[in-house]
Amino acid sequence: MVDMLADLVKIPSDSLADKQEVLDYVQSFTDQIHMRNTLFGDSSAPALLAEYGQAGVVFSGHLDTPPIGDYWSFSQSQLASGRMYGRGAADMKGTVIAMLQAAQDLVARKIPVALALTTDEETAMQGAVALSKTLPIRRAKAIVVGEPTGLRVAYAEKGVLDLAIETRGKAAHGAMPHLGENAISKMMRLLRGLEGFKGRIAHPELGSVTVNVGTFNGGTRLNVVPNKCTAEVDIRFPPPYSPDQLYTEIEEHLRRIKTPFTLRRILSMPSVQIDPTLDHVRILKEVAASETAVLVHASEAVYYTQVNPRVVIFGAGEEELSHQANEYVKVEAVARASEVFKKYALRLVQSRAS
């Protein structure tokens, strides 16, 4: 297991990498354990559905990661003090390895199981969109989305509303700024006002709306008053907000700042709220001997819950380590997750038989 985890972490799978290599690695494994493989999507973002039997548990994972970034103290796939370091170790290659290991054991026991593995979760999630249309997803006894939950059973997550804000100004010489209108200054006023936005709805566990200014671009030269500025803002919101409702509130909030702007929607995904008292959640909580939790980031659960109500989120690794330098997953947590996956699939098969 440790060697497989190191191998998978070593394979580059960020937005600029060729995703076929990482998909080939997992497909080679599912071939070896005699699962039936079906590919979806094109070479830029391929997805894999590996099946054994029918109407079992689907274990859902993504293989892509954000870029490695800077300021690491550990090398990629370095093992130290029981921790495997590397981009994607926690989010979520560690849990993918746990799923592969569990599937191998379940197939050997002739227990139905499926793996839904994608390579574009960090971007467009088109793999999950395609997989959500398949019968194995729609008829699954349960779908376990393997995001890093610290081995807790998660039943809710925030939605996403990504916006582009643009301000316009008037160019002039930098030595005579009074002759121009500074688009960057206008944007700064808007962003300062947006920082305090919390929205009208809060969730008892997920809290209120959060705002992150992810990109900022304005100006052409140091000595020119900038006539255009754009900023991209990542907004996360709790249920029961809808993206449209939140968009309207943000637009109204920005209008009150009295600074002209244009607003464009880049991406929106609804929040997820699963009833924690449902049987498939309760059974996983019993098997994992764990507490329930919520996630502040979005996952492919947003698409699977639209076609199958029996979705739950569970995996190794801590959510707070995602996308950070020195990201890691504890090897013992990966092993524990694999055992939970196996026992969960067995419990659901037994409950169906009874």
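None of the figures in this text is laboratory data; all of them are computed from the coordinates on show. On a predicted model such as this, the values are computed, not experimentally measured, just so you know. Cβ sites come from the backbone with ideal geometry, for glycine too, and all protein chains shown count toward neighbours.
Just a few scattered comments:
- Loop-located trypsin sites (Lys or Arg not before Pro) in segment 182-230 whose Cβ has at most 13 other Cβ within 10 Å (DSSP): Lys198, Arg200, Arg221
- Using alpha-carbon coordinates, inclination of helix 243-255 to the longest axis of the chain, degrees: 20
- Summed residue charge, Cβ within 14 Å of Val225's Cβ, Lys/Arg positive, Asp/Glu negative: +4
- Whole-percent P(r), segment 38-194, all Cα pairs, 5 Å bins from 0: 2, 7, 13, 14, 14, 11, 9, 7, 6, 5, 4, 3, 2, 1, 1, 0.
- For the chain, share of DSSP beta bridges that run antiparallel, in % to the nearest 5: 75
- Net charge dipole, the chain: roughly 840 debye, given to the nearest 20, about the Cα centre with Cβ charges of +1 for Lys and Arg and -1 for Asp and Glu.
- Each residue in Tyr85, Tyr71 was given a count of other beta-carbon atoms within 10 angstrom of its own, and listing them fewest first yields Tyr71, Tyr85.
- A dipole drawn for the chain from +1 and -1 charges on Cβ atoms has a positive end, and of Phe197, Val26, Val58 the residue lying farthest that way is Phe197.
- Nearest 10 degrees, 0 to 90: helix 331-353 Cα axis against the chain principal axis: 60
- If the segment from Asn223 to Lys170 were pulled out straight at 0.36 nm per residue, it would be longer than the present Cα-Cα gap by 17.7 nm.
- Residues Glu232 and Met1, FRET efficiency given R0 of 30 Å [Cβ-Cβ distance, rounded to 0.05]: 0.15
- Ellipticity at 222 nm from helices only: DSSP H runs of n ≥ 4 in the chain, each -39500 (n - 2.57), divided by the residue count, give -9500 deg cm²/dmol.
- For segment 234-306, the set of trypsin sites (Lys or Arg not before Pro) satisfying both a DSSP loop assignment and a count of at most 11 other C-beta atoms within 10 Å is given as Arg256, Lys258.
- Approximate shape of the chain as ellipsoid semi-axes (Cα gyration tensor, √5λ), whole Å, largest first: 41, 23, 17
- Extension gain from Leu267 to Lys343, taking 0.36 nm per residue of separation minus the Cα-Cα distance: 23.6 nm
- Taking a sphere under 12 Å around the Cβ of Tyr241 and counting the other residues whose Cβ falls inside, with K and R at +1 and D and E at -1, yields a net charge of +2.
- In a reduced charge model with +1 at each Lys and Arg Cβ and -1 at each Asp and Glu Cβ, segment 163-269 shows a dipole moment near 420 debye about its Cα centre.
- Cα→Cβ-extended label distance, 7 Å offset, between Thr215 and Arg336, nm: 3.9
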